[in-house]
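The values are calculated or read from the model by the stated rules, or taken from the named source; none is laboratory data. Keep in mind that this is a model prediction, so the values were computed, not measured. Note: ideal-geometry Cβ built from the backbone for every residue, glycine included; neighbour counts use all protein chains shown.
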DNA sequence: GTTGTTGCAAACAGTTTGCACGAAA
DNA sequence: TTTCGTGCAAACTGTTTGCAACAAC
C-alpha cells in the first residue's frame, strides 16, 4: 500500500470535513495545479486531463470547488482571462512573469496605510484587496 | 450647431491621431461608460446599446479599442468576470463597492517599497501591478 | 474617392445542465 | 446502502468573423 503525500491527505480531510467526497478525479485535478508553475486556464486543464479520462464537467466543477475552499486562486494572462494556480498560503498574492507566466506567491504586502487613507477620503469601509504584481522572472531576463 | 463636450472632442482627436475614425457609435459607447458609476459587462452594454441600433460586434470592437487606448479598464464582479469602467486618470486603481458595484478611482498607491523588496527577494524585474481595493460604499453601509 | 467601420448572421468557443451509472463513505 | 460525484451529450451563452453597404475623412 502506497503512502499518500501529506498535502493529498490534508486535502482529502478538507473535502470530507465539508461533507464532500475525495475522489481520484479531484486528486488528479489538484495535483495538476499543485505541480505547475504557471497554472492552467480551464480549457488547458480540460485538454490535459482528458487523457486521464476526466470529463470537462468534472474539471469545471472541481476547479470551482477548489477555488471556493481556497485551494486555488487565479491570475490574469495577457488576454485578460483567468489562469488558475494553487494557493500555497492564505492571503498570498501572485507575482507573475509576463513572459513565461510563472507565478510566485508572496505574502508580505502591507496595504493597511493605503486602506486607512482610502477609508477616510472616500467613506468606504475597506473589506479587502486584490493585488497582482507583474514582472520578468530571472530565467526570462536573459 | 451643437457644441461637443470637451471629453468627446478629446476622444475624437485621440482616435484620429491613431488613424482611426470617430463614429457616432464609438461616441455612444464611450458616453455609456463615462456616465456610469458601476460600469458594464459586455453583455450588459450590448443590451443597453441595442436600443440605439448598435450591433454587438460594434460593442465588442469598440470596448476593446477603448481599452487598448487606455480609456477603459476593468474590475471584477462577484462572479469573477469583467466589468468595464471609464478611466478618469492614468495609473488609477479602482475602489469597488462589493454591494452596489460602484467604482471610485484612486491614484495614491505607493507600492515602490514592496516592489523593491520583491525584486531583491525573488530576482524578478518588476514591471507593474494590478490592484483592486474592495469595500462597502457610504450609501450601502446603511 | 478611399478606406476604415458598421450591422447582420453564421460560425465558433466556452460553460452549464440533466441524467443514468458508479463509487466513496 | 446511501448519497454524492462522474462522464456524456445536449443546450446554452458569450465571442469572433466574413462580407456587402455605408459613412468619416
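Points worth noting:
- When residues of the stretch B:36-45 are limited to those that are assigned to a loop (DSSP other than H, G, I, E, B) and either under 26 Å from residue B:16 (Cβ atoms) or in contact (Cβ under 8 Å) with a residue 60 or more places away in the chain (or both), the one farthest from DNA strand C (Cβ to nearest atom): B:37
- Condition met for residue A:108 (assigned to a loop (DSSP other than H, G, I, E, B), without any contact (Cβ under 8 Å) to a residue 24 or more places away in the chain and in contact with a strand residue (DSSP E or B) (Cβ under 7 Å, 6 or more places away or on another chain)): no
- Listed conditions (1) over 18 Å from residue A:93 (Cα atoms); (2) within 7 Å of chain A (Cβ to nearest Cβ) are all met by residue B:88, apart from (2).
- The lone exception for residue A:130 - which of (1) at the interface with another protein chain (Cβ under 9 Å from one of its Cβ atoms); (2) in contact with a helix residue (DSSP H, G or I) (Cβ under 9 Å, 6 or more places away or on another chain); (3) assigned to a strand (DSSP E or B) it fails: (2)
- Residue match in the stretch A:15-25 (condition: surrounded by 17 or more Cβ atoms within 10 Å (Cβ to Cβ), within 12 Å of DNA strand C (Cβ to nearest atom) and within 14 Å of chain B (Cβ to nearest Cβ)): no
- Filter pass, residue A:52 being more than 20 Å from residue B:79 (Cα to Cα), touching a strand residue (DSSP E or B) at 6+ places or on another chain (Cβ under 7 Å) and loosely packed, with under 15 Cβ neighbours inside 10 Å: no
- Taking the listed residues B:106, B:124, the one that is more than 28 Å from residue A:141 (Cα to Cα), in contact with a helix residue (DSSP H, G or I) (Cβ under 7 Å, 6 or more places away or on another chain) and either within 7 Å of another protein chain (Cβ to nearest Cβ) or surrounded by fewer than 15 Cβ atoms within 10 Å (Cβ to Cβ) (or both) is B:106, with no other qualifying.
- In the set B:74, B:30, only one residue is surrounded by 14 or more Cβ atoms within 10 Å (Cβ to Cβ), over 26 Å from residue A:132 (Cα atoms) and under 12 Å from the mean Cα position of the chain (by Cα); that residue is B:30.
- Residue within the stretch B:5-15 that is out of contact with any helix residue (DSSP H, G or I) (no Cβ under 6 Å at 6 or more places or on another chain), closer than 30 Å to residue B:137 by Cα and assigned to a loop (DSSP other than H, G, I, E, B) present: yes
- Checked against the criterion of being touching a residue at least 24 places away in the same chain (Cβ under 8 Å), in a loop (DSSP other than H, G, I, E, B), away from DNA strand C (no atom under 16 Å from the Cβ) and surrounded by fewer than 18 Cβ atoms within 10 Å (Cβ to Cβ), the candidates A:100, A:140 yield just one match: A:100.
- All conditions but one from (1) under 28 Å from residue A:92 (Cα atoms); (2) surrounded by 16 or more Cβ atoms within 10 Å (Cβ to Cβ) apply to residue B:65; the one that does not is (1).
- Across the stretch B:33-43, the number of residues qualifying as under 16 Å from residue B:65 (Cβ atoms) and either over 11 Å from the mean Cα position of the chain (by Cα) or within 7 Å of DNA strand D (Cβ to nearest atom) (or both) comes to 1.
- Residue B:110 being within 30 Å of residue A:95 (Cβ to Cβ) and within 16 Å of DNA strand C (Cβ to nearest atom): no
- Of all the listed residues (A:21, A:61), the sole one being at pLDDT 95 or above, assigned to a helix (DSSP H, G or I) and within 12 Å of DNA strand D (Cβ to nearest atom) is A:61.
- The stretch A:46-65 residues that are within 14 Å of chain B (Cβ to nearest Cβ), paired with ones that are away from DNA strand C (no atom under 12 Å from the Cβ) (beta carbon under 7 Å, 6 or more apart): A:63/A:29; A:63/A:72
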